[in-house]
Structure formats: C-alpha cells, structure tokens
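Worksheet for the structure shown next.
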Amino acid sequence: MSSEHAEVLIVGAGAGGISVASSLLKRKPSLKIALIDKAESHYYQPGWTMVGAGVFKPESTRRDMSSLIPSGVQHIKAFVTEFEPDKNSVTLDDGRTISYDRLVVAPGLKLNWAGVEGLEETLGKNGVTSNYRFDLAPYTWELVQKLESGKALFTQPPMPIKCAGAPQKALYLSADHWYRNGRIKNIDIAFYNAGAVLFGVKDYVPALMEYIERYETELKFQHNLVRIDGDKKTAWFEKTDDEGNKETVEAEFDMIHVCPPQQAPDFIRNSPLAGEGGWVDVDQNSLQHKKFDNIWSVGDVMNAPNAKTAAAARKQAPVVAHNIAADIDGHSRIAHYDGYGSCPLTVERGKIVLAEFGYGGKLLPTFPEWVIKGTRPSKAAWVLKKDILPGVYWNGMLKGREWMVRPIPAN
Ligand SMILES: Cc1cc2nc3c(=O)[nH]c(=O)nc-3n(C[C@H](O)[C@H](O)[C@H](O)COP(=O)(O)OP(=O)(O)OC[C@H]3O[C@@H](n4cnc5c(N)ncnc54)[C@H](O)[C@@H]3O)c2cc1C
C-alpha cells in the first residue's frame with residue numbers, strides 16, 4: 001500500500017476507530033487499512049470516574065497508542081484538518097493528502113473548556129476539577145478526601161455530552177465518601193444541571209432520586225455554568241425559567257466538579273460531512289453518511305440520537321465493519337445499529353444503577369433481571385464495571401472480539 005492511499009481510511013484511533021479497524025480485519029484480513037491519529041496515548045475514559053473516586057489508578061486507564069494499533073494496519077501519525085469527499089481524500093496537518101476508497105470518521109468530540117469564562121485558568125487548582133481530563137481526575141479524589149466541610153458543586157452542561165451520567169457519577173461517589181466518614185452533615189452538595197431532568201430515561205430516575213435524598217443534594221435544573229473565578233471560589237450560572245426568561249445566579253464553592261460543554265470538533269463542524277449541529281450526518285441504522293455513500297461514522301462524533309458512550313461504540317463498530325464488508329462484496333445484507341448505549345451510574349462505592357437503553361429510551365438490558373436489574377442499584381453491576389468491563393474493552397472490543405455484539409444483517 002502506498003502511504004498516500006488506503007482501501008479503508010479511519011480517522012481517529014479512539015474507542016470507535018480501533019474497534020472498527022479490528023472488526024474489519026476479522027472479516028477481511030488482507031484489506032489495506034490505515035488509521036490516522038497523532039495522539040501518543042489512548043485512554044479508557046470510562047475509568048476516569050473511578051480514578052476520581054480513588055478506585056482505579058490513573059495509569060490503568062492509559063496505554064501507548066502504538067501498542068494498540070492492530071498489526072497489519074498502517075498507522076499515520078498526524079491529525080486530519082480537512083475532508084474532500086468529492087475527491088475521496090483528506091488533508092493532514094503536515095500537509096500530506098491521503099486518498100481512500102472508503103472512509104470511517106471517528107475522531108470523538110471536542111471538550112469546549114473555553115466555553116466557560118475563566119475555567120481554563122483555574123482548572124486543577126482552587127478546588128476546581130473535572131473527571132473529563134486524565135490529569136485532573138486524581139485531583140477530584142484529592143479534593144474529596146480533603147474536604148471536611150463547606151460547599152461542593154457539581155455541574156452538567158447542555159446535551160449532547162459523552163457519558164451523560166458522568167457528571168452525577170462524580171457527585172454520588174464523592175458524596176458516598178463523605179457519607180461513610182460522617183462528614184456529609186457539614187457539606188452542602190448541589191447539582192447544577194443545564195437540563196430539566198436528572199436523567200434522560202425516566203425508568204432510572206427513581207433509583208437515582210433515592211441517592212439524591214440520601215446525600216441531601218440540592219437539585220438546580222436549567223442552570224448552565226457560564227463563568228468561574230477560582231480565586232474568589234465563585235461560579236455563575238445562566239438560569240432559564242419555564243417561559244425562557246434568563247437570569248444570572250451566583251454560587252460560592254469550596255470544591256466544584258465541572259463537566260465542560262461539548263461539541264463536534266471544529267474540523268468536522270466546518271466540513272461537508274457535517275449535518276445540523278455540526279455532527280457527522282449519518283443514517284442512524286446503517287451509520288452510513290447520508291450524502292456520501294463511501295463514508296461511515298462511529299462513536300461520539302456522529303449525529304445518531306444514541307447516548308454517546310464507549311458501550312455504544314462497542315455495538316456500532318461491528319455494524320460499520322459488517323456494512324463496509326457488504327459494500328466491498330457488493331451485496332445489500334446490511335446490519336442495523338439499535339441505538340444501544342450504556343451508562344453505569346456509580347451511586348455508591350460497591351453499587352451501580354446500570355442504565356442500558358437504545359433509540360427512543362427503549363430499555364435494552366444485557367442481563368436477565370435476576371443477574372442485574374438495571375433500574376435498581378446492584379452489586380453485580382459494580383463488579384462488572386470495576387473488574388470486568390476494562391478487560392472487555394482492552395482485550396475484546398479493541399481486538400475485534402465481538403462478544404455479545406455480533407451484528408445480525410437486517411435483510
Ligand atoms: C469522565 C468520562 C466517563 C465516561 N464514562 C463512560 C462509561 O462509564 N461507559 C461508557 O461506555 N462510556 C463512558 N465514557 C464515554 C466514552 O469514553 C466515549 O463515548 C468513547 O471514548 C467515544 O469513543 P470515540 O472513538 O468516539 O472517541 P475517543 O475515544 O475520544 O477517541 C477519539 C480519537 O480521535 C483522535 N482524533 C481527534 N481529532 C483527530 C483528528 N483531527 N485527526 C485524527 N484523529 C483525531 C483522538 O486523538 C482520539 O484518539 C466516559 C467518558 C468520560 C470523559
């Protein structure tokens with residue numbers, strides 16, 4: 001394969017990109033695949049919630065990117081800056097152009113830290129933290145351990161975000177620590193959520209509300225974090241009432257866990273691949289681009305209305321691999337993605353409310369109720385998250401082993 005052309009070119013070697021490459025190789029071992037990504041490290045981001053609670057060591061969530069690229073796949077160490085779908089090519093940040101027969105777009109989403117005034121300057125100090133960054137999740141745990149009394153705030157930006165449950169997972173695990181060591185009566189906890197509900201799928205809300213009550217958490221809906229001053233330990237929120245009127249609300253804190261606003265990466269938003277909102281515009285069943293039929297997308301970057309999670313990418317990657325193989329073979333027996341995503345809500349150390357659902361909020365539990373009843377806190381789901389899922393990620397999903405996610409062609 002010349003370095004300038006790939007039969008299948010994959011942009012982004014994250015959870016989705018590597019999984020598609022591996023799943024494609026399982027189907028077509030001689031296919032010439034190239035993966036473009038300049039990042040030196042690959043992260044198991046679902047582990048960061050556990051790092052923020054002192055359960056996982058940060059290093060267990062990181063691996064050298066080069067060690068994960070499937071053998072036989074060309075690794076192009078660069079970032080894509082531009083797409084030219086009419087010419088079947090992409091441009092890289094080092095000026096090179098790479099052409100392709102088929103393209104998979106998987107660069108994840110952009111954490112827009114700059115979208116909150118004053119946030120970037122104060123992250124990692126003054127009690128301001130976020131589990132959304134590898135280097136900051138340990139600081140969350142440090143703050144939680146140190147806080148004896150005062151005000152602890154947790155924020156959630158407007159949807160869509162990756163792992164919609166992660167902002168409240170940080171809350172529950174922090175509060176659980178204070179609850180167990182008797183400090184909680186001296187700590188005021190508040191959850192400032194830009195949205196209007198605690199969790200998007202209503203079946204899980206009653207179990208979550210029990211923990212909101214246990215931790216005596218104040219819920220502040222329709223409050224969007226817009227500014228923060230670390231030195232003054234003050235945050236400002238834009239509050240929207242039911243009539244759409246807006247006002248600014250000020251809150252002081254001793255510690256604040258921020259989930260940043262999120263959007264499609266700039267090079268996607270400004271490309272011909274973007275649909276409404278800037279995300280890659282795909283058919284939600286086939287994950288094929290709506291306009292360019294030799295392009296597919298997987299993971300957080302595309303606009304299918306699923307929960308943006310690694311669990312979703314785990315289900316999507318085999319679908320995309322199957323559909324590309326079908327396209328190469330010239331048959332139409334394509335597979336459909338059902339919108340599956342999963343959010344293990346760590347409500348306390350040792351228990352999880354395992355949300356698993358597809359398009360339209362349809363519950364899609366993996367296990368029978370006697371093993372894990374998703375709508376109730378469960379010890380088995382904690383064991384799954386802590387001891388089993390990391391192995392499923394590193395040794396299953398990223399290696400193209402489609403345990404329980406093998407696609408069934410729809411027609
Ligand atoms: C705190 C936190 C908790 C989470 N908890 C869970 C959970 O419990 N369960 C769950 O299933 N999911 C969880 N997630 C979400 C999950 O990690 C993501 O949904 C998943 O990683 C998305 O995969 P992806 O391949 O789309 O993007 P990513 O895994 O983010 O990978 C994107 C890759 O694209 C590369 N890239 C970016 N720009 C370019 C470019 N221009 N050119 C080439 N490459 C580029 C990046 O370097 C990166 O390697 C959590 C995430 C966070 C942050």
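Overview of values
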{"read-out": "Only listed residue being open to solvent by 60 Å² or more (accessible area, probe 1.4 Å), assigned to a loop (DSSP other than H, G, I, E, B) and either within 20 Å of D327 (Cβ to Cβ) or not hydroxyl-bearing (S, T, Y) (or both), chosen from D101, D94", "value": "D94"}
{"read-out": "Residues within segment 29-86 that are part of a helix (DSSP H, G or I), open to solvent by 80 Å² or more (accessible area, probe 1.4 Å) and touching a residue at least 60 places away in the same chain (Cβ under 8 Å), tallied", "value": "0"}
{"read-out": "Where K233 falls short, out of the listed (1) out of contact with any Lys or Arg (no Cβ under 9 Å at 6 or more places or on another chain); (2) charged (D, E, K, R); (3) buried (at least 19 other Cβ atoms within 10 Å of the Cβ)", "value": "(1)"}
{"read-out": "Yes/no for D338 being in contact (Cβ under 8 Å) with a residue 12 or more places away in the chain, open to solvent by 40 Å² or more (accessible area, probe 1.4 Å) and more than 11 Å from the ligand (Cβ to nearest atom)", "value": "yes"}
{"read-out": "Tabulated pairs, segment 297-311, first within 18 Å of L35 (Cβ to Cβ), second near the ligand (Cβ under 9 Å from one of its atoms) and in a strand (DSSP E or B), C-beta under 8 angstrom, 6+ apart or interchain", "value": "G299/K308; D300/K162; D300/K308"}
{"read-out": "Some residue of segment 56-65 being near the ligand (Cβ under 9 Å from one of its atoms) and of a type in the set (S, T, Y)", "value": "no"}
{"read-out": "Some residue of segment 354-362 being acidic (D, E) and open to solvent by 20 Å² or more (accessible area, probe 1.4 Å)", "value": "no"}
{"read-out": "When residues of segment 242-258 are limited to those that are in contact with a strand residue (DSSP E or B) (Cβ under 8 Å, 6 or more places away or on another chain) and farther than 25 Å from W141 by Cβ, the one least open to solvent (accessible area, probe 1.4 Å)", "value": "V249"}
{"read-out": "Residue in segment 179-218 that is nearest to the chain's Cα centre (by Cα), counting only those that are within 14 Å of A152 (Cα to Cα) and open to solvent by 50 Å² or more (accessible area, probe 1.4 Å)", "value": "E218"}
{"read-out": "Single residue of S19, S23 found to be within 9 Å of the ligand (Cβ to nearest atom) and open to solvent by less than 10 Å² (accessible area, probe 1.4 Å)", "value": "S19"}
{"read-out": "Given (1) open to solvent by less than 20 Å² (accessible area, probe 1.4 Å); (2) under 27 Å from K233 (Cα atoms), number of the condition P261 does not satisfy", "value": "(1)"}
{"read-out": "Within segment 128-170, tally of residues that are more than 25 Å from A39 (Cβ to Cβ), surrounded by fewer than 24 Cβ atoms within 10 Å (Cβ to Cβ) and within 14 Å of the ligand (Cβ to nearest atom)", "value": "1"}
{"read-out": "Set E402, E356, E369: member being among the acidic types (D, E), over 29 Å from R269 (Cβ atoms) and under 18 Å from the mean Cα position of the chain (by Cα)", "value": "E356"}
{"read-out": "So P158, is it of a type outside the set (D, E), in a loop (DSSP other than H, G, I, E, B) and closer than 24 Å to V301 by Cα", "value": "yes"}
{"read-out": "Some residue of segment 276-284 being in a loop (DSSP other than H, G, I, E, B), open to solvent by 10 Å² or more (accessible area, probe 1.4 Å), more than 21 Å from I408 (Cα to Cα) and of a type in the set (G, A, S)", "value": "no"}
{"read-out": "Options G12, G118, G95; residue that is at positive phi, at pLDDT 95 or above and within 11 Å of the ligand (Cβ to nearest atom)", "value": "G12"}
{"read-out": "Residues within segment 285-300 that are open to solvent by 60 Å² or more (accessible area, probe 1.4 Å) and part of a strand (DSSP E or B), tallied", "value": "0"}
{"read-out": "Total residues in segment 148-180, condition closer than 17 Å to F221 by Cα, out of contact with any Cys (no Cβ under 7 Å at 6 or more places or on another chain) and polar (S, T, N, Q)", "value": "1"}
{"read-out": "Unmet requirement for H177, which otherwise passes all of (1) within 16 Å of the ligand (Cβ to nearest atom); (2) closer than 18 Å to R214 by Cα", "value": "(1)"}
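The values are calculated or read from the model by the stated rules, or taken from the named source; none is laboratory data. It should be emphasised that the depicted structure is a prediction, and the values quoted were computed from it without experimental measurement. Ideal geometry is used to build each Cβ from the backbone, glycine not excepted, and the neighbour counts take in all protein chains shown. Just so you know, the surface numbers come from the protein's heavy atoms only, side chains and all, with ligands and any DNA or RNA stripped out. Shrake-Rupley method; radii C 1.70, N 1.55, O 1.52, S 1.80 Å.
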